[in-house]
Amino acid sequence: MKRVLISAFACQPNKGSEFSNGWNWPVRLANLGFEVHCLTLRSHQPFIETVEVPPNLHFHYVQLPFKLQAMHRLSQGTMYIHYILWQRLAYRYAKGLHKKLKFDVVHHVSWGNVQMGSFLYKLDAPFIIGPAGGGQEAPEAFKKYFMWGWTAEKKREKVADWLIKNNPACKKMLRNAYSVIAANKDTLELVKSVGAKNYSIAFDHSVPDEFFPEKFVPKSPVPGTLRMLWVGRFMPRKGLLMTLDVMARLKKYPNITLTVLGDGEMKNEVLKKIKEEGLEDTVKLMGMVPQETVRECYATYDIFFFNSLRDSGPSQLIDAMAYGLPVVTINLHGQGSIVSDETGVRCKCDTPEIAIDELEKAIINLYNNPQKVTEMSKAAYQFAKKQSWSSRIETLVKDHYPV
């Protein structure tokens, strides 16, 4: 049985995003027959121990001293420092583990960010990182939608640039990796520019096999209506304010509606925008809802309408497509690769004006062509089926693992 060491800073069952990636990689690799050892934070232990895992999966909990551990919660800057310090400690732990077990593959899966990196490339074993993002930047033409968040966005870019140049766990890691798997085209170009030798591209999100509906029913909008759905956190880069600008254009179509699931730091701005534009009749905010309610909405709405202004690859897109929701979005970063002309509409976004015009036209076209929605729905579901965790990891192992 081949041995794999997984580095998963974020790793919890029954959670999304980074936690999902960090959890599913070790579990699915163990299901494929590998002996898997996973390094993660001790704070994840209570959650991990609530579920049964394969006998060939072993978790190793690495924790910084208490005062350093608290850095994770103080600010974004100290969170990054905490992460790099944890990576150093994880490497020291891994050296002892590797000396005893002799891993055949070392794979960093979380955080999925190339700038933050990993020191595990120093181990005498083939090292893989990814799928990972980090190369995407928010277009400055859209800064008005970030409002007070634009300053933080520019600081993030400066930190990312500094890390590429100065983080000892980044540039050398990319140049010495057996395989670098970029999550989007922007990140692929970044790792190539740094000098990575073995690189490829793959989405950084998959869908649990049990997430799909028991019986798939293609979307078939009632003629003269179009019910759209948005799911996410109200944060500047998610572009919800721009989505509301599109809805303002669509007020003359009272049966084109948008339901919004989520909450966050821009809630006041969102509420203000809805009131100013008179969208109370066509935009409904449902707040934070249980995952089961999210899935019910995926099953009952017609279109997923989501326009992130910086995203490695929004996980909501594939989740929505698992229920057959065609996606209307902008052709930017990961969403421009996840969505195809068969599964949705990717609109130009050179400027906000162009993006809003294109999105408005796309939605009206689908409103007038319910059969097109049904065709896209079938294609979206078929695409999502190929993104299930079991099939995706098996493919990535075949393509990238040396064993």
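The values are calculated or read from the model by the stated rules, or taken from the named source; none is laboratory data. Please read all numbers here as calculations on a predicted model, not as lab measurements. Counting neighbours? That spans all protein chains shown, and the Cβs are built from the backbone with ideal geometry, glycine included. For the accessible areas, the whole protein counts, side chains as well, though only heavy atoms, and no ligand, DNA or RNA atoms are used. Shrake-Rupley method; radii C 1.70, N 1.55, O 1.52, S 1.80 Å.
Would you mind calculating the gained length between Lys158 and Asn368 on full extension (0.36 nm times residue separation, minus the Cα-Cα distance), in nm to one decimal?
Working: separation 210, 0.36 × 210 = 75.60 nm, distance 4.49 nm.
Length gained, Lys158 through Asn368: 71.1 nm.
Separation of the range 117-174 from the range 237-287 is 31 Å, based on Cα centroids. Here the accessible area is traced with a 1.4 Å probe on the protein chains. For the range 317-389, carbon and sulfur cover 44 percent of it. Each peptide in 309-317, 135-143, 24-32 was scored by the mean count of other Cβ atoms within 10 Å over its residues; highest first, the order is 309-317, 24-32, 135-143. Percentage of Cα-Cα pair distances in the chain greater than 31 Å, rounded to whole percent? Here the long-distance tail beyond 31 Å is 39 percent of all Cα pairs in the chain.
Model label sites at Val403 and Met288, defined 7 Å from Cα along the beta-carbon direction, differ in position by 4.0 nm. Summary of the geometry: the range 99-115 and the range 184-216, compared by the centres of their Cα atoms, lie 17 Å apart.
Order the following by accessible area, largest value first: Leu250, Leu190. Probe radius 1.4 Å; ligands, DNA and RNA are ignored.
Values: Leu250 0, Leu190 35 Å².
Of Leu250, Leu190, the descending order of accessible area is Leu190, Leu250.
For Arg92, the shell of other residues with beta-carbons less than 12 Å away shows a net charge of +4, using +1 for Lys and Arg and -1 for Asp and Glu.
Multiplying the sequence separation of Glu280 and Lys192 by 0.36 nm and subtracting their Cα-Cα distance, what value in nm do you get?
Working: separation 88, 0.36 × 88 = 31.68 nm, distance 4.73 nm.
Difference between extended and current length: 26.9 nm.
Packing around the peptides 146-155, 366-375, taken as the average count of other Cβ atoms within 10 Å per residue, puts them in this order, highest first: 366-375, 146-155. Protection proxy ranking, highest mean first, for peptides 377-386, 276-285: 377-386, 276-285, where packing is the per-residue count of other beta-carbon atoms within 10 Å, averaged. Tell me, rounded to the nearest percent, the portion of alpha carbon pairs in the range 1-61 spaced more than 16 Å apart. Summing the P(r) of the range 1-61 above 16 Å gives 34 percent of all pairs. Couplings 3J(HN,Hα) for the range 396-403, derived from phi with the Karplus relation 6.51 cos²θ - 1.76 cosθ + 1.60 (θ = phi - 60°), are 5, 4, 4, 7, 10, 7, x, 10 Hz, where x marks Gly and Pro. Listed by chain and number, the aspartates and glutamates placed with their C-alpha closer than 16 angstrom to that of Lys273 are Asp245, Asp263, Glu265, Asp281; residues fewer than eight positions away on the same chain are left out.
Per-residue 3J(HN,Hα) values for the range 333-342, derived from phi via the Karplus relation 6.51 cos²θ - 1.76 cosθ + 1.60 with θ = phi - 60°, read 6, x, 5, x, 9, 5, 8, 10, 5, 7 Hz in sequence order (x marks Gly and Pro). The share of C-alpha pairs in the range 46-197 whose separation exceeds 18 Å stands at 64 percent. Based on the inverse mean of 1/r over its pairs of different Cα atoms, what is the Kirkwood hydrodynamic radius of the range 120-173, in Å? With all distinct Cα pairs of the range 120-173 included, I get 13.4 Å.
Annotation: for a label point projected 7 angstrom from Cα along Cα→Cβ of Glu394, no residues of the range 105-137 have a backbone N closer than 19 Å. Whole-Hz Karplus values for the range 286-293 come out as 9, x, 6, 10, x, 4, 5, 5 Hz, taken residue by residue from phi with 6.51 cos²θ - 1.76 cosθ + 1.60 and θ = phi - 60°; glycine and proline positions read x.
Quickly estimate the mean residue ellipticity at 222 nm for the chain, helices only: each DSSP H run with n ≥ 4 gives -39500 (n - 2.57), and the total goes over all residues, rounded to 500.
Details: 15 runs with 170 residues, N = 403.
Estimated from H runs of four or more residues: -13000 deg cm²/dmol.
For the range 367-393, backbone nitrogen atoms closer than 17 Å to the point 7 Å from Asp341 Cα along Cα-to-C-beta are found at 372-373, 375-377, 379-380. Normalised by 2.2 N^0.38 Å, with N the number of residues, the alpha-carbon radius of gyration of the range 172-321 equals 1.27. Close amide-amide hydrogen proximity is noted between Val207 and Ser388, Trp389, each under 5 Å apart and 5 or more residues distant or on a separate chain (H modeled in the peptide plane; Pro and chain starts excluded). Amide H contacts of Gly344: Val327, each under 5 Å away and 5 or more positions distant or on a separate chain (H built 1.01 Å from N in the peptide plane; Pro and chain starts excluded).
Once backbone amide H atoms are built at 1.01 Å from N, Cys38 has Ile6, His58, Phe59, His60 as its partners under 5 Å, excluding neighbours fewer than 5 places away on the same chain.
As a quick test, which of the pairs Lys154/Lys238; Lys185/Lys238; Lys15/Lys155; Lys251/Lys361; Lys185/Lys267 have an alpha carbon distance above 22 angstrom in this structure? Walk me through the intermediate numbers first.
On the way: Lys154/Lys238 15 Å; Lys185/Lys238 19 Å; Lys15/Lys155 28 Å; Lys251/Lys361 13 Å; Lys185/Lys267 31 Å.
As for pairs spanning more than 22 Å Cα to Cα, those are Lys15/Lys155; Lys185/Lys267.
The modelled label-to-label distance between Asn268 and Lys251, using points 7 Å beyond Cα along the C-beta direction, is 2.4 nm. Charge tally for Ser390 (other residues, Cβ to Cβ under 9 Å; Lys, Arg +1; Asp, Glu -1): 0. Legend: calculated FRET efficiency, Gln45 to Lys361, from the Cβ-Cβ distance at R0 = 35 Å, rounded to 0.05, equals 0.10.
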